[in-house]
1. Ranked highest first by the average count of other Cβ atoms within 10 Å around their residues, in what order do A:381-391, A:503-513 fall?
2. Assuming a viscosity of 1.306 mPa s and a temperature of 10 °C, what translational diffusion coefficient in µm² per second does Stokes-Einstein assign to the range A:95-147, Rh being the Kirkwood radius over Cα pairs?
3. Sort out for me the Cα centre separation of the range A:1-71 from the range A:523-580, rounded to whole Å.
4. Show me, for the range A:350-362, the HN-Hα J-couplings you get by feeding each phi into the Karplus relation (A = 6.51, B = -1.76, C = 1.60, θ = phi - 60°), rounded to Hz, glycine and proline as x.
5. In whole Hz, what ³J(HN,Hα) sequence does the range A:587-593 give by Karplus (6.51, -1.76, 1.60; θ = phi - 60°), x for Gly and Pro?
6. Helix by helix through chain A, keep the DSSP H runs that span 24 Å or more along the axis on Cα and average at least -1.0 on Kyte-Doolittle, and give those back in order.
7. Please give the direction-averaged projected area of the C-alpha convex hull for the range A:183-268, in square nanometres with one decimal.
8. Measure off 7 Å from each Cα along the Cα-to-Cβ vector at A:Thr617 and A:Lys49, then give the distance between these two points in nanometres to one decimal.
Amino acid sequence: MGYRATLNLPRTSLPMKANLSQREVGILSFWEEKKIYQRIREERKGRRKYILHDGPPYANGNIHMGQALNKILKDVAVKYKTAQGFDSPYVPGWDCHGLPVEHQLFKKLGINKNKISRLEFRQKAREYALHFVDKQRNQFKRLGVFGRWEEPYLTLSPSYEGEVIDAFGRLAKRGYIYRGLKPVRWCFQCQTALAEAEIEYKERQSPSIYVKFPVKDSSDLASSHLPVYLLIWTTTPWTLPANLAIAIHPQHQYCLVQVDKEILILAKDRLPFLEEEIGIKPNRILSVHKGEKLKGLKYNHPFISRQSEVLAADYVSLDEGTGCVHTAPGHGAEDYLLSLEHNLPVYSPVDGEGKFNSQAGELEGIKVFEANPLIVEKLKQKGYLLHQGKVVHSYPHCWRCGSALIYRATPQWFLAVDKHNLRQKAIRAVENEVEWIPPASRMRMGSMLKERPDWCLSRQRYWGVGIPVVYCKDCGEAMVDEEIIDRIKNLTSKYGSDFWFKEPVERILPRGYSCRGCGGERFKKEEDIIDVWFESGVSHHAVLVQEETLGDPSDLYLEGSDQHRGWFQTSLLTSMALKDRPPYRGVLTHGFVVDSEGRKMSKSQGNVVDPQEIVSTHGADVLRLWASLEDYTQDIRISAEILKYAVEVYRRIRNTYRFLLGNLYDFDYLQDALSFDELRDIDKWVLSHLQELVRDTTASFEKFKLHEAVHLVHLFATNELSSFYFDVLKDRLYTFPPDSKGRKSAQTTLWHLLISLSKLMAPILSFTAEEVWGHIRKIEGCASGKASRMEESVFLSSWPRVDDNLVNENLEIVWEKILRVREGVLKELEEAREAKTIGSSLEARVTITAPFSELSSLKDLGNELKEVLIVSQVQLEEGEELKIRISRAEGQKCERCWNYSLDLGTDKEHPQLCGRCRKAILKCTR
RNA sequence: GGGCUCAUAGCUCAACCGGUUAGAGCGCUGUCCUGAUAAGGCAGAGGUUCCUGGUUCAAGUCCAGGUGAGCCCA
């Protein structure tokens, strides 16, 4: 045992146990203290830019797994591009306005809209949002994400808000903005529109009536003299005055049935139900037609002098009703969309209190629900009521006052998607001007754009940017005025959007401003705010264009797949409308984080995984590794088992770094490195392989295929290094004299491996790579006393380049042969081990019989062959085919190097040593 | 219900235009080592490629239908 001290065993202060959750905190403060991000910016100034524009997460709550994944992927991309030499600043953003903040805040305050002033509420909402910006910022930073955290972009900052208004103004000037009607869920008690999240569904009893609409000319369908009716079903009789169409499904079968002296048109499949439910007794079915045939059929309104027609709609279902759907564009969501397709007016003769207005004629002043029985009565009188009953169904109610809601059309501001061919231009840009990863995104974007209706920009909410429009109090004319919008923009940029709600309209308008229409001088402000999707959608205008350090268009948007309809689309539309080109050159989407079964995470399922928890138990690097191990173009699973896998991969990579560092403790690259020509063949071979790894890994990073890159590195560490190269190298590293050429050759190789491997993994294992880098810097110059030339942080260094001088194809071919022989030897060794002939492979003597052609490369290795095979003795024999025999090694085991040899005991002082070790010891002690 | 997408070993991923016996790594089992040691080496077992049809000399791969899952919309 006395010879252990004469060996060069590995020494390193890089602990095997990472204890990442604590170590990472130290590295974070290193980055902070050394201002690494700022220094990268300095360093890369003037280089070609690569702009990844951050899609702003919503400033509410703690970060969840999806956001963690998203930020990690962005960070990997930015760090990779930076290492490649790009100037790639990352400015994180937050989406601060909107309903979720309102929602949470009202809940937290335990009050409703009526109990607090708009300004007071906005102040609180601001504090609330900023609180979460701060919280999330710390959580993102903890993941190791580099960026301009101290100065993010916030959609609630005055400058951003000003640009939102500016964008609205520019779009208005180009004719994209118009005022139209759209039905919204309306509470006439609270006199307000409600968002989906504010609706509570409760059971409610409603009338259920079947109404006949007289068909004007049915000669195409039946040659009867009896009157023909379209039969509809509704639970909202009060919407009948606003009926402007009847929808049918174009693919379903409809029949004309004779019932007494009348003919009814209804879906064939609904007939049995109707016979049972309302007791109609069909005499006979006259004819059956595909829904398509009914398209365009004209009918008269039962009690209003109006003619409308039948329209085809795919949403018509045969689960209830008659298959003929009463359509009132002002009072229903689907009705509204159908009306857009066919240019029907959005007719809604109901005021904010839920009363019919003057358009409704004799119903004027009557509340809609009170009008129900009156309308039913009228239908009955006129003979158009086929059946009346009652139905109890789930019906939307106001979450605050509990009263039943109605759909009611109100004036709103829209962005016209077909103006100036915007839709077509956007679709063309999607097809030709943007790189989509994965490519399926192109299709998804395209089909969405094809179908989408005009964009409703109005929101009847508190927390957001006011729509910069005023109305003449005298004639009601809406002033969408370039000059005024510009004023509002400037005031907003200065004081924030609160001013719009605070200041009286007179102080906002220029002196003497008068109505274009009637010359009136009294105005009121628009009360609605702009859709928050518009706010984030113009971030290219509010951030990329404004910030000198950034650039427009950006190189990459990288978000979850839900953003096809969200941010990708809103950004594209606004950019196309403003600048005639997309805001991004590339778009990368990732899937959603799901559980081990592929199911989405939900609180009720109890399968939610919290990123904070993973960071504190495993460390951020493990989370980053997990994100990079999976193919994120699809949904990505996470579970304890999957995390365990990430931990295993992490351990293998960390131990690789540890082995490399441990054997370089006495290696000062500045004075000890050998030139490439001086290296041993096996070392040259490994470096040649390393070039291949660098080349392949780089290609994978270029394609953002992180899982490919990680797998490559992992395989290299496992197959090339750990199980072969390192194993072979141990003898040379440990037992050779410290300064021997053989050992320095190995160390030179290890050095290159270490540098490259830490750089390759730095974008992903940022903390660990930085930790390792710190250790390497300490080693360099340790002996020569020179200062290290290495950058202070791995992130200030550059991506490894493939060194063509190190690529050696001949060597690869030769070694491929050697490795094949080795494989055979290993198999035989295992059998010998099972037969208890040997334990350790050093107890073996290998006899290899091979044809002359195969033998030569083995012979060339000389003494190294037994090192490569990690056996004590090798004998080569020429024979017809490859044959391997194992026997026990001859001689005795050297106490120092554990090899068996015959030359033990020749030195009286060191009877336990082999000749080689004797020499080594002499060198050491001299 | 509609648009887009996915399904290969227990897990994470491969398999170019359709072409031998579907490959890796991890995990698992066995084993060696005790000088990377809460490490490391070696070997082995593991697959009805979600199901059902079809096209083809040939299908994990192409087509149709189904099942399960995800995002978006309704």
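1. With the highest mean Cβ count within 10 Å placed first, the list reads A:381-391, A:503-513.
2. The Stokes-Einstein estimate is 130 µm²/s.
3. 31 Å
4. 10, 8, x, 8, x, 10, 5, 9, 4, 4, 8, x, 5
5. Karplus-based 3J(HN,Hα) across the range A:587-593 equals 10, 10, 10, 10, x, 9, 7 Hz.
6. Result, helices passing both filters: A:65-83, A:640-662, A:681-702, A:741-761, A:809-834.
7. Convex hull of Cα atoms, orientation-averaged projection: 8.4 nm².
8. Placing both labels 7 Å beyond Cα along the Cβ direction yields 4.3 nm.
The values are calculated or read from the model by the stated rules, or taken from the named source; none is laboratory data. Here the structure is a predicted model, which means the values were calculated and not measured. All Cβ positions, even for glycine, are placed from backbone atoms using ideal geometry, and neighbour counts span all protein chains on display. When the accessible area is computed, the model is the full protein with side chains, heavy atoms only, and any ligands, DNA or RNA have been set aside. Shrake-Rupley method; radii C 1.70, N 1.55, O 1.52, S 1.80 Å.
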